[in-house]
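All remarks here apply to the structure that follows.
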Amino acid sequence: MGESHMEIMLDTANTQSIYSCQQFLNLTGVTTNPTILKKEGASNFFSHMKEIKKMIGQIPIHIQTIGRTEEEMIEDAQVIIEELGKDTFIKVPVNQAGLQAIKKLKKEDYLITGTAIYTELQGYLAINNGVDYIAPYYNRMQNQGIDAMKVIDSLRTEIEHTQSPTKILAASFKNCEQVTTAIRSGAHAITLGKELLDQVLEMTSIDKAVRGFQEDWVQTFQAETIGELKRSLITSEINLSIK
């Protein structure tokens, strides 16, 4: 299986967060679940999902099935596709009912993300059923004493050994270290919330370094930015030519 760049998805249903992240990230998807939708207070599910899909254009959205039985999951998938199109990824939990639904849905060329993965064996079973993504829940696994790093590494080995098209979409992160460890362990993709991105990019240490560099620059060249320095030099040259 050929190597490709790390896929970064945003785990949210907040349109402002999506717009903000689109300005500085090459997002490859948006993932949602009922807990995220509850947090947003989304009152109209379909219109909210359509609004997100309109915002992200060709980038796919991953939407969770809610049913507990095979039949309910399949119906959920059918309705999601009817409303949002065949390019939508259907998130299905990897339990027995979920695997039964996945097996049938894949025969109809649905795009499937196998979710609620806590164990290595779940991942193997989902890979065997041909899912497009498997989503191991990193922090939740760690909380149960499961070595999430080892699980991701083993699943990546299986995918490469069998030349499976399945990709590992690591999810459920509490901190930055979990994200970087998941990537080092072999995850093809990660999905994380805006809060975690803010935690990384708005560190006091980063701001202190940036401010320090700018202060040294100003003291040396008496200009706030390189652009300002260039403009001042041009202005000086014009004034000299006039004289």
Task: Descending principal axes extents, the range 6-60, alpha-carbon based, whole Å - done: 31, 19, 17
- [ ] Once you've got the Cα coordinates, tell me which of Lys107/Lys167; Lys38/Lys106; Lys54/Lys86; Lys50/Lys194; Lys86/Lys106 are over 22 Å apart.
- [x] Lys38/Lys106
- [ ] Take the Cα atoms of the chain, build their convex hull, and give its volume per residue in Å³.
- [x] 180
Open item on the list: I need the fraction of alpha carbon pairs in the range 117-243 separated by more than 17 Å, rounded to a whole percent.
Closed with: 67
- [ ] Treating only the Cβ atoms of Lys and Arg (+1) and Asp and Glu (-1) as charged, compute the dipole magnitude of the range 85-224 about its Cα centre; round to the nearest 20 debye.
- [x] 720
Open item on the list: Translational diffusion coefficient of the range 1-145 at 25 °C, 0.890 mPa s, Stokes-Einstein with Kirkwood Rh over Cα pairs, in µm²/s as a whole number.
Closed with: 155
Task: Relative intensity, log₁₀ I(q)/I(0), of the range 139-197 from a Debye sum that treats every alpha carbon as a point, q = 0.22 Å⁻¹ - done: -0.84
Task: Directionally averaged shadow of the range 173-243, computed from the convex hull of its alpha-carbon atoms, nm² - done: 7.8
TODO: Run the accessible area of the chain with a 1.4 Å probe and give the carbon-and-sulfur part as a rounded percent.
DONE: 52
Task: Rounded to whole Å, sorted largest first: equivalent-ellipsoid semi-axes of the range 64-163, Cα gyration tensor - done: 24, 15, 11
Open item on the list: What's the whole-number percent of alpha carbon pairs in the range 98-153 lying beyond 16 angstrom?
Closed with: 39
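The values are calculated or read from the model by the stated rules, or taken from the named source; none is laboratory data. Values in this document were obtained by computation on a predicted structure and should not be read as measured data. Don't worry about glycine lacking a Cβ; one is built from the backbone with ideal geometry, like all the others, and counts go over all protein chains shown. Areas reflect the complete protein model, heavy atoms only, side chains present, ligands, DNA and RNA absent. Shrake-Rupley method; radii C 1.70, N 1.55, O 1.52, S 1.80 Å.
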